[in-house]
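So the structure is just underneath, and the comments pick up after that.
The values are calculated or read from the model by the stated rules, or taken from the named source; none is laboratory data. Quick caveat, the model's predicted, so the values are computed rather than measured. Backbone-built Cβ (ideal geometry, glycine too); neighbour counts: all protein chains shown. Note: accessible area is taken over every heavy atom of the protein model, side chains too, but ligands, DNA and RNA are not part of it. Shrake-Rupley method; radii C 1.70, N 1.55, O 1.52, S 1.80 Å.
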Amino acid sequence: QVQLVESGGGLVQAGGSLRLSCAASLSISTINATGWYRQASGKQRELVAVFTSGNITNYADSVKGRFTISRENAKNTVYLQMNSLKPEDTAVYYCVMNLYGINYWGEGTLVTVSS
């Protein structure tokens with residue numbers, strides 16, 4: 001069982017920045033697939049940024065050039081640096097890690113961007 005705890009969400013004005021963290025309850029050094037999704041009110045959950053096999057990163061077109069995913073294996077933590085935030089980035093952000101074919105999700109952290 002993997003437990004993931006997200007933090008770093010909050011209220012920020014448009015143009016501002018936030019850094020989300022996702023701390024895992026086990027070593028992530030061998031976990032290839034991990035990243036961030038988000039779900040806005042009334043919408044489906046969507047990919048934001050992920051690491052895939054080979055430490056390749058994939059980003060949603062809407063966040064390219066503004067968001068950066070990174071990981072610190074020694075701290076079992078994955079980060080999402082979010083810059084130039086827009087009101088449309090408002091959502092609950094979820095961390096996900098895939099272990100042996102099973103996706104484990106955190107409970108999410110709310111990001112609200114005011115105009």
Review point. What are the residues in segment 76-92 that are within 20 Å of residue 105 (Cβ to Cβ) and not in a strand (DSSP E or B), if any?
Key: 76, 89, 90
Revision key, fill the gap. Going through segment 66-115 in order, the residues found to be hydrophobic (A, V, I, L, M, F, W, C), more than 13 Å from residue 8 (Cα to Cα) and exposed (fewer than 15 other Cβ atoms within 10 Å of the Cβ) are 74, 102, 105
**Study point:** Lone unmet requirement of (1) open to solvent by less than 20 Å² (accessible area, probe 1.4 Å); (2) under 15 Å from residue 107 (Cα atoms); (3) in a loop (DSSP other than H, G, I, E, B) for residue 1
**Key:** (1)
